[in-house]
């Protein structure tokens, strides 16, 4: 399977953002990609994103469906703002997976919302605008199970382990990692999720400045051994790699960590995480 991870610099001009994304899908198709992956918030990245929310199906999802159908390509349409989150007016942060016929085959709403205060560097409360999803989603892509996640989800390894236990061989992650966290954590976390779940990971990130912040970029494709197969350079563009599922099977056979799990003695429970003060 040939995968292209597409890297955009979405900002507060929705029409322009969508036009760039559609052009990158054209480039991925021309490169022979079977699957193209767009970043998080591919429709809009700026203040008051919930005001840009649309129903699904809607104009944005239909534009992506038409492009997948035109080029007979699988497309993970990153994530867009989906209307109808909850009575307070919040949207969902939603990924859409289209098949080669442009049919919507999976919908995933971001589970873990980015409510973070890194004093002097990052201050974000995604839950002010976004309602959380409540479903773990995997989907079949031509005989290969893929797990769907979005950005901050990357920091929650239990989600990806559940994907693997549902048979995932490929993990798809649209993201808009900040520059501050991305430079230290992005590649480390992607490689960790690939290694511990013995899966391919295809991660498409936003890059560059937008109203209110700056994204890290460095979209990449990682193999089940943790080897980075391709990385996008800085700026709008893409990275492409061919992934070999026979390679995945060899890794899992030679180092059978998934098979060697001990669920009979795991007792994760629902223990609360103790609060930690800034002084600590």
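Here is a list: 152, 216. Which entry is buried (at least 19 other Cβ atoms within 10 Å of the Cβ), without any contact (Cβ under 8 Å) to a residue 40 or more places away in the chain and more than 15 Å from residue 3 (Cβ to Cβ)?
Answer to the check: 216.
Being in a strand (DSSP E or B) and either touching a helix residue (DSSP H, G or I) at 6+ places or on another chain (Cβ under 6 Å) or over 24 Å from residue 142 (Cβ atoms) (or both) is the filter here, so list the residues in the stretch 79-95 that pass it.
80, 81, 82, 91, 92, 93
Condition first: surrounded by fewer than 23 Cβ atoms within 10 Å (Cβ to Cβ) and either in contact (Cβ under 8 Å) with a residue 24 or more places away in the chain or under 15 Å from the mean Cα position of the chain (by Cα) (or both). Now tell me which residues in the stretch 186-197 satisfy that.
Keep residues of the stretch 186-197 that are surrounded by fewer than 23 Cβ atoms within 10 Å (Cβ to Cβ), which gives 186-189, 191-192, 195-196.
The answer is 186, 187, 189, 191, 192, 195, 196.
So how many residues does the stretch 1-31 have that are in a loop (DSSP other than H, G, I, E, B) and either closer than 16 Å to residue 93 by Cβ or free of Cβ contacts under 8 Å to residues at least 40 places away in the same chain (or both)?
Residues meeting the conditions: 3.
Within the stretch 230-243, can you find the residues that are within 21 Å of residue 197 (Cα to Cα) and loosely packed, with under 14 Cβ neighbours inside 10 Å?
242
So if I check each of 167, 208, which one is closer than 14 Å to residue 7 by Cβ, surrounded by fewer than 22 Cβ atoms within 10 Å (Cβ to Cβ) and either at pLDDT 95 or above or touching a strand residue (DSSP E or B) at 6+ places or on another chain (Cβ under 7 Å) (or both)? Spell out the reasoning first.
Numbers: 167 fails: closer than 14 Å to residue 7 by Cβ.
Only one candidate qualifies: 208.
Condition first: surrounded by 13 or more Cβ atoms within 10 Å (Cβ to Cβ) and assigned to a loop (DSSP other than H, G, I, E, B). Now tell me which residues in the stretch 245-260 satisfy that.
Result: 255, 258.
Criterion first (in a loop (DSSP other than H, G, I, E, B) and under 14 Å from the mean Cα position of the chain (by Cα)) does residue 102 satisfy it?
Answer is no for this residue.
Considering only the stretch 55-64, I want to know if a residue exists there that is farther than 19 Å from residue 140 by Cβ and without any contact (Cβ under 8 Å) to a residue 12 or more places away in the chain.
For the stretch 55-64, residues farther than 19 Å from residue 140 by Cβ and without any contact (Cβ under 8 Å) to a residue 12 or more places away in the chain: present.
Taking the stretch 164-191 as the region of interest, how many residues are part of a loop (DSSP other than H, G, I, E, B) and closer than 19 Å to residue 257 by Cβ?
Residues that pass the stated criteria total 2.
Please work out which one of (1) touching a strand residue (DSSP E or B) at 6+ places or on another chain (Cβ under 8 Å); (2) in a loop (DSSP other than H, G, I, E, B); (3) modelled with pLDDT under 95; (4) within 22 Å of residue 181 (Cα to Cα) is the condition residue 41 fails and give its number.
Result: residue 41 passes all but (3).
Scan the stretch 47-62 and tell me whether some residue there is at pLDDT below 95, within 15 Å of residue 18 (Cβ to Cβ) and crowded, with 19+ Cβ neighbours inside 10 Å.
Yes, some residue in the stretch 47-62 is at pLDDT below 95, within 15 Å of residue 18 (Cβ to Cβ) and crowded, with 19+ Cβ neighbours inside 10 Å.
With the requirement that a residue be surrounded by 18 or more Cβ atoms within 10 Å (Cβ to Cβ) and assigned to a helix (DSSP H, G or I), what does the stretch 108-139 give you?
Residue satisfying the conditions is 126 alone.
Please give the number of the condition residue 179 fails out of (1) surrounded by 17 or more Cβ atoms within 10 Å (Cβ to Cβ); (2) on the phi > 0 side of the Ramachandran plot.
All conditions are met except number (2).
Quick test of your reading of the structure: residue 142 fulfils all but one of (1) in contact with a strand residue (DSSP E or B) (Cβ under 6 Å, 6 or more places away or on another chain); (2) surrounded by fewer than 20 Cβ atoms within 10 Å (Cβ to Cβ). Name the failing condition by number.
(1)
Filter the stretch 25-46 for residues that are surrounded by 24 or more Cβ atoms within 10 Å (Cβ to Cβ) and out of contact with any helix residue (DSSP H, G or I) (no Cβ under 6 Å at 6 or more places or on another chain) and give the result.
28, 33, 35, 37, 39, 41, 45 - these are the residues of the stretch 25-46 that are surrounded by 24 or more Cβ atoms within 10 Å (Cβ to Cβ) and out of contact with any helix residue (DSSP H, G or I) (no Cβ under 6 Å at 6 or more places or on another chain).
Here's a check for you: in the stretch 55-78, which residue that is under 26 Å from residue 217 (Cβ atoms) and not in a helix (DSSP H, G or I) is nearest to the chain's Cα centre (by Cα)?
Residues of the stretch 55-78 that are under 26 Å from residue 217 (Cβ atoms), as a first pass: 60-61, 63-64, 67-68, 71, 73-78.
From the residues that got through so far, the ones that are not in a helix (DSSP H, G or I) too are 73-78.
On the way: 73: 18, 74: 15, 75: 12, 76: 9, 77: 10, 78: 6 Å.
The qualifying residue nearest to the chain's Cα centre (by Cα) is 78.
The values are calculated or read from the model by the stated rules, or taken from the named source; none is laboratory data. Being a predicted model, the structure only gives us computed values, none of them experimental. FYI the Cβ positions are ideal-geometry reconstructions off the backbone, even for glycines, and counts take in every protein chain you see.
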